[in-house]
1. If I compute solvent accessible area with a 1.4 Å probe over the protein chains, what percent of it on region 1-116 is carbon and sulfur?
2. Using Cα atoms only, what is the angle between the long axis of helix 69-85 and the major principal axis of the chain, expressed in degrees (0 to 90) to the nearest 10?
3. With viscosity set to 0.890 mPa s and temperature to 25 °C, compute the Stokes-Einstein D of region 108-158, Rh being the Kirkwood radius across alpha carbon pairs; µm²/s, no decimals.
4. Give me the dipole magnitude in Debye, nearest 20, for the chain about the Cα centre, with unit charges on the beta carbon: positive for Lys and Arg, negative for Asp and Glu.
5. Tell me the GluC sites (Glu not before Pro) within region 169-254 that lie in a loop according to DSSP and have at most 13 other beta-carbon atoms within 10 Å.
6. Let me know the shape class of the chain, please: from the alpha-carbon gyration tensor, a ≥ b ≥ c as square roots of the eigenvalues, rounded when a/c is under 1.5, otherwise prolate if a/b is greater than b/c, or oblate.
7. Along the charge dipole of the chain, which of SER256, LEU221, PHE141 sits closest to the positive end, that is, farthest toward it, with unit charges on the beta carbon of Lys, Arg, Asp and Glu (+1, +1, -1, -1)?
8. Given PRO315, VAL303, MET284, which one lies farthest toward the positive end of the charge dipole of region 274-329, if we put +1 on the Cβ of every Lys and Arg and -1 on the Cβ of every Asp and Glu?
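The values are calculated or read from the model by the stated rules, or taken from the named source; none is laboratory data. What you see is a predicted model; the values in this text were computed from it and never measured. All Cβ positions, even for glycine, are placed from backbone atoms using ideal geometry, and neighbour counts span all protein chains on display. Quick note on the areas: whole protein, heavy atoms, side chains included, nothing else; ligands and nucleic acids left out. Shrake-Rupley method; radii C 1.70, N 1.55, O 1.52, S 1.80 Å.
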Amino acid sequence: MVEGAGGKRDTADVAIVGAGPMGLVTALMCAKAGVKVAVYERQGDFSASPAWNGTGVIAPDCEADSADATIVDLGRRSLELWPTLVSGLTINGALVLGNRRMPSALDDYSAFVLNYDWVDEEKIAALEPSLAGIYGRGMYFPQAAHADPRVIFSGLREALEAAGVRIRFDWIGTLDSLTAARIVDTRGLGARDRFPELRAVTAELAMVRSHKIELNRPIRLLHNRHALYVTPRGQGLFAVGATTIDDSRTGVSVRSAGELMMHAVSLLPAFAEAEVVDLRSGQMPVLMNGVPKVAVGDRVIAVNGLYRYGWMVAPAIAEDLVRVIYTQATKVIHATKPPRR
Ligand SMILES: Cc1cc2nc3c(=O)[nH]c(=O)nc-3n(C[C@H](O)[C@H](O)[C@H](O)COP(=O)(O)OP(=O)(O)OC[C@H]3O[C@@H](n4cnc5c(N)ncnc54)[C@H](O)[C@@H]3O)c2cc1C
């Protein structure tokens, strides 16, 4: 039995606290495994999660230049699991290009990544007709997906409702007030009481619109500071981002806004005429080594530190959690090597 702050009793064996990607995906995978589960979210909707404002790129092989190997492996497994959870993801790869002012950047980058094909001007034009004649070579990563995160949130919500899982928004209780046999703590930055070393890193994104440009997949143009993708969202909309700024400010700085716009124009000059629709940002939960941590206690399992990889790693971590919930085993994900960036 689970008791909420208001004293109202629910019947659930597992209580999940926090309705970000980690909490929702865990809830759905528990429900699919036949576990009775309920979700508790402090805010009135999903917009408190940084993922609401996210880029929605799931490209583990492209991220191997800076992400820990553990994250890349979790991302590869998550790519297999996502289609079993919700529709709305487009799995048709990602393209990585070098900035023309840094001709060796693509070669340097290629030393850190796997599972790609070199593509020439002709192949780039076949993949992305809008980029025809601009880039002489690039790298195509077939195992990559993209989605509008808000579409994924609503897909997860629908799937949870269909499975009979209740999401209680505006929940003001504490973990101690819950009486479920198992509690999964996925509170992101709300879990500093459990993870004192948690820090916030801000990520920023620009939404732009152009009906003259068509892209089919995320395009990463190598940048000296950020992993920036231009990602199609349909109906002429493109997400440009995200920056990662190591502080907890809210909002998008003038410097970052300018950098994101210039980045889109560097990728494709036609973006100079695009309309700026929105600037978005969010604060991501990061642990010291930049790698997610799963801490299994007697009753509470806490997952945190998903940094800029929440969508990319949540299904693979949730798969392990469901196993832990069944077997009561103890598993902690360690960094296999320090992050390179
Ligand atoms: C601009 C931007 C771009 C991004 N792009 C990508 C991307 O392309 N791919 C990718 O994989 N990731 C991306 N991310 C990162 C992703 O958003 C995070 O990794 C992810 O949100 C972390 O998920 P989480 O569920 O662990 O925590 P969160 O998303 O932070 O969710 C935690 C939830 O817990 C709730 N909560 C907190 N305290 C309590 C409490 N006491 N009781 C109940 N609920 C509580 C919060 O309100 C929140 O809803 C991006 C982020 C940003 C900001």
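1. 51
2. On a 0 to 90 degree scale, this one is about 80.
3. 185
4. 540
5. Values: sites: GLU197, GLU204, GLU214; in loops: GLU197, GLU214.
Listed in order of number, the matching sites are GLU197, GLU214.
6. Cα axes put the chain in the prolate bin.
7. Farthest along the dipole direction, towards plus: SER256.
8. Positive-end residue among those listed: VAL303.
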